[in-house]
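Notes follow the structure.
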Amino acid sequence: MPYRTIPTTDTRYFMIVTDKNGAEQDNDPDAPNGKLSELMLSSLVENGITDVFIRCHGWHQDKAKAFAQFDSWIGAFASLDEDRRHMQQQIPSFQEMHIGFHWPSLAWGDEKEASDTSFSPANTQTLRERIDFHIEELGGTPEVRAALYKIFDEVRTDSASMTLSDTLRAAYLELNAALDLGANGAPGEGSADRLPFDPDQTVAEAVNNVAFGNDVGDNPLLAPLRQLTFWTMKKRAKDVGERGLHPLLRAMQQASPAVRIHLMGHSFGCIVASAAIAGPSGAAPLPFPINSCVLVQGAMSIWSFTSSLPTSHETAGFFNNILVDKKISGPFVATRSDSDMAVGKLYPWAAGVAGQVAYMFPPLYAAIGALGICGIPTVHNITLLSGAGAYAFVPAHIYNVNSSNFICHGDGISGSHSDIAGPEVAHLLWQAALKTADAS
């Protein structure tokens with residue numbers, strides 16, 4: 001059930017579920033009227049909740065995987081009794097609530113998109129299933145559907161080729177146009193901070209192992225589809241943050257104006273969290289600032305929050321107004337790790353720059369989880385501590401946390417991207433929230 005007790009513990013959390021447009025699921029069996037947010041808001045007021053901790057996942061496609069991730073994150077957080085004791089010393093009335101924000105995002109990277117059976121002509125059922133799967137994930141418009149049928153039919157009949165046929169190239173360009181992803185937009189915009197789509201270059205990089213080493217997924221000819229899927233999910237993260245989580249934050253602050261809200265995002269979930277704080281079009285303020293925000297291995301542009309891009313000083317990052325309008329009152333924290341290959345290698349590949357020679361540092365296309373938040377002169381650069389160290393956080397300051405010493409385990413093409421369920425990251429969240437309590 002979406003009002004869940006973590007197995008073998010007494011820790012509970014609400015899992016708010018939305019569709020791809022950010023609309024909340026309205027058939028929840030735990031909620032009297034089908035919407036779990038109504039039960040959550042009642043609990044917020046009736047139980048005297050002082051602090052709400054909201055977590056946004058990244059690349060997941062079903063509730064079971066979301067439950068597993070929220071269980072591990074919230075469980076690690078709840079087990080840190082010393083951190084809770086410090087919080088209770090600062091706030092004797094401290095009462096916590098936990099929320100997992102689940103949105104439909106395609107599993108990408110180590111997780112398989114569908115079955116691993118080949119695209120031989122005999123596998124017609126697998127072909128239909130695969131097409132239906134991507135239609136569901138990318139949107140079922142007639143244009144998307146038609147392009148996907150052309151792509152998979154061409155790959156099925158010419159799967160041994162290492163270059164695109166004219167038909168396949170045209171189909172990919174049609175799909176890109178149908179998805180309306182844009183290019184060369186403001187960093188952090190969700191979909192547009194990438195180079196113009198070049199399916200031939202993408203296939204060549206996959207063949208030459210530029211992006212994936214020895215693991216290119218099913219077939220190099222499908223690499224452009226993986227690239228387009230990446231940016232579709234990135235765009236969706238922004239949409240559900242603006243349309244789904246932002247209204248939820250507003251409702252919570254209206255129901256309980258004194259409540260402190262702490263946001264955590266992982267991977268694309270960092271876009272969800274940022275879009276929720278910024279609001280629709282990046283310019284809709286909440287009634288009150290968010291009290292703390294921690295972006296864990298963010299799959300979003302390093303320039304998302306800057307006021308001035310190195311290549312265009314008059315252009316700001318899409319989420320710059322979060323800083324300008326002081327929408328986060330407490331610490332604003334971002335982790336990075338050298339061994340996170342999902343953001344270190346796959347993110348620039350998806351932007352179309354995997355094969356380019358670096359001519360500037362920091363580069364124009366890179367992820368926060370690899371290099372941290374860039375373009376902010378006042379950012380503090382610190383190192384992730386053990387589960388017991390004290391951080392000298394200052395409210396409304398920004399921190400890049402080098403986490404390579406603890407976010408370091410993992411294999412496959414994503415590396416250590418999801419190695420974030422240890423006490424070190426949980427303690428980081430506690431410490432950011434604690435500094436908010438110090439200032440209250």
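The values are calculated or read from the model by the stated rules, or taken from the named source; none is laboratory data. For clarity, every value in this text was computed on a predicted model and none was experimentally measured. With ideal geometry, Cβ positions are generated from the backbone for all residues, glycine too; neighbour counts draw on all protein chains shown.
Could you count how many residues in the range 316-351 are out of contact with any Cys (no Cβ under 6 Å at 6 or more places or on another chain) and surrounded by fewer than 20 Cβ atoms within 10 Å (Cβ to Cβ)?
5
Please work out which residue is farthest from ASP19 (Cα to Cα), limiting yourself to the range 140-167 and to residues that are within 28 Å of the chain's Cα centre (by Cα) and not in a helix (DSSP H, G or I).
THR141
Please go through the range 11-21 and give me each residue that is modelled with pLDDT of 95 or more and outside any strand (DSSP E or B), ordered by number.
THR11
Which residues, counting only those in the range 64-83, are surrounded by fewer than 16 Cβ atoms within 10 Å (Cβ to Cβ) and touching a residue at least 60 places away in the same chain (Cβ under 8 Å)?
SER79, GLU82, listed by residue number.
Assigned to a loop (DSSP other than H, G, I, E, B) and touching a strand residue (DSSP E or B) at 6+ places or on another chain (Cβ under 6 Å): does that describe ILE382? Step through it out loud before you land on a result.
Values: assigned to a loop (DSSP other than H, G, I, E, B): no; touching a strand residue (DSSP E or B) at 6+ places or on another chain (Cβ under 6 Å): yes.
Judged against the criteria, ILE382 is not a match.
If you scan the range 235-276, which residues turn out to be touching a Lys or Arg at 6+ places or on another chain (Cβ under 8 Å), closer than 24 Å to PHE94 by Cβ and of a type outside the set (A, V, I, L, M)?
Correct list: GLY265 only.
Taking the options SER404, SER418, SER414, name whichever one is within 24 Å of VAL207 (Cβ to Cβ), of a type in the set (Ser, Thr, Tyr) and modelled with pLDDT of 85 or more.
Details: SER404 fails: within 24 Å of VAL207 (Cβ to Cβ); SER418 fails: within 24 Å of VAL207 (Cβ to Cβ).
Going through SER404, SER418, SER414 in turn, the sole match is SER414.
I'm trying to understand the selection: among the residues of the range 156-194, which are surrounded by fewer than 19 Cβ atoms within 10 Å (Cβ to Cβ), closer than 18 Å to ARG226 by Cβ and at pLDDT below 80?
Passing the criteria: SER159, ALA183.
Quick check: is even one residue across the range 381-396 within 18 Å of the chain's Cα centre (by Cα), of a type in the set (Val, Ile, Thr) and farther than 17 Å from LEU295 by Cβ? Walk me through it before giving the result.
Quick first cut of the range 381-396, residues within 18 Å of the chain's Cα centre (by Cα) only: none.
No, there is no match, as no residue in the range 381-396 is within 18 Å of the chain's Cα centre (by Cα), of a type in the set (Val, Ile, Thr) and farther than 17 Å from LEU295 by Cβ.
Within the range 360-367, is even one residue at pLDDT below 85, over 22 Å from the mean Cα position of the chain (by Cα) and more than 18 Å from GLY265 (Cα to Cα)?
Yes, there is a match, as at least one residue in the range 360-367 is at pLDDT below 85, over 22 Å from the mean Cα position of the chain (by Cα) and more than 18 Å from GLY265 (Cα to Cα).
Could you look through the range 297-344, keep only residues that are farther than 23 Å from HIS427 by Cα and among the acidic types (Asp, Glu), and pick out the one that is modelled with the lowest pLDDT?
Out of the qualifying residues, it is GLU314.
Quick test for you: out of PHE361, PHE393, PHE406, pick the one residue that is part of a loop (DSSP other than H, G, I, E, B) and in contact with a Leu (Cβ under 6 Å, 6 or more places away or on another chain). Walk me through it before giving the result.
Working: PHE361 fails: in contact with a Leu (Cβ under 6 Å, 6 or more places away or on another chain); PHE393 fails: in contact with a Leu (Cβ under 6 Å, 6 or more places away or on another chain).
Just one listed residue meets the conditions, PHE406.
Residue by residue, here is whether (1) over 19 Å from the mean Cα position of the chain (by Cα); (2) farther than 25 Å from ASP51 by Cα; (3) basic (Lys, Arg) holds:
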residue	(1), (2), (3)
MET252	yes, no, no
SER267	no, no, no
ALA284	yes, no, no
PRO287	yes, no, no
SER304	no, yes, no
ILE322	no, no, no
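When you scan the range 409-440, how many residues do you find that are buried (at least 22 other Cβ atoms within 10 Å of the Cβ), assigned to a loop (DSSP other than H, G, I, E, B) and of a type outside the set (S, T, N, Q)?
Selection size over the range 409-440: 2.
Condition first: under 23 Å from TYR347 (Cα atoms), touching a helix residue (DSSP H, G or I) at 6+ places or on another chain (Cβ under 6 Å) and hydroxyl-bearing (Ser, Thr, Tyr). Now tell me which residues in the range 378-420 satisfy that.
The answer is SER414, and nothing else.
For the structure I just gave you, tell me whether LEU36 is surrounded by 14 or more Cβ atoms within 10 Å (Cβ to Cβ) and at pLDDT 95 or above. Before the answer, list the steps.
Details: surrounded by 14 or more Cβ atoms within 10 Å (Cβ to Cβ): yes; at pLDDT 95 or above: yes.
Against the criterion (surrounded by 14 or more Cβ atoms within 10 Å (Cβ to Cβ) and at pLDDT 95 or above), LEU36 qualifies.
Is one or more of the residues making up the range 264-283 of a type in the set (A, V, I, L, M, F, W, C), touching a residue at least 40 places away in the same chain (Cβ under 8 Å) and in contact with a Cys (Cβ under 6 Å, 6 or more places away or on another chain)?
yes
In the list GLY100, GLY58, GLY109, which residue meets the criterion of being touching a helix residue (DSSP H, G or I) at 6+ places or on another chain (Cβ under 7 Å), at pLDDT 95 or above and surrounded by 14 or more Cβ atoms within 10 Å (Cβ to Cβ)? Working first, answer last.
Details: GLY58 fails: at pLDDT 95 or above; GLY109 fails: at pLDDT 95 or above.
Answer to the selection: GLY100.
From the residues in the range 256-288 that are part of a strand (DSSP E or B) and either in contact with a helix residue (DSSP H, G or I) (Cβ under 6 Å, 6 or more places away or on another chain) or not β-branched (Val, Ile, Thr) (or both), which one is farthest from LYS435 (Cα to Cα)? Even if it seems obvious, please write down each step before you answer.
Quick first cut of the range 256-288, residues part of a strand (DSSP E or B) only: 260-266.
Remaining after also requiring either in contact with a helix residue (DSSP H, G or I) (Cβ under 6 Å, 6 or more places away or on another chain) or not β-branched (Val, Ile, Thr) (or both): 260, 262-266.
On the way: ARG260: 12, HIS262: 11, LEU263: 14, MET264: 15, GLY265: 19, HIS266: 21 Å.
Ranking the candidates gives HIS266 first.
Out of all the residues in the range 230-263, which are under 17 Å from GLU137 (Cβ atoms) and either surrounded by fewer than 22 Cβ atoms within 10 Å (Cβ to Cβ) or in contact with a Cys (Cβ under 6 Å, 6 or more places away or on another chain) (or both)? First the steps, then the outcome.
Within the range 230-263, the subset under 17 Å from GLU137 (Cβ atoms) is 230-240.
Hits for the range 230-263 are LYS235, ASP239.
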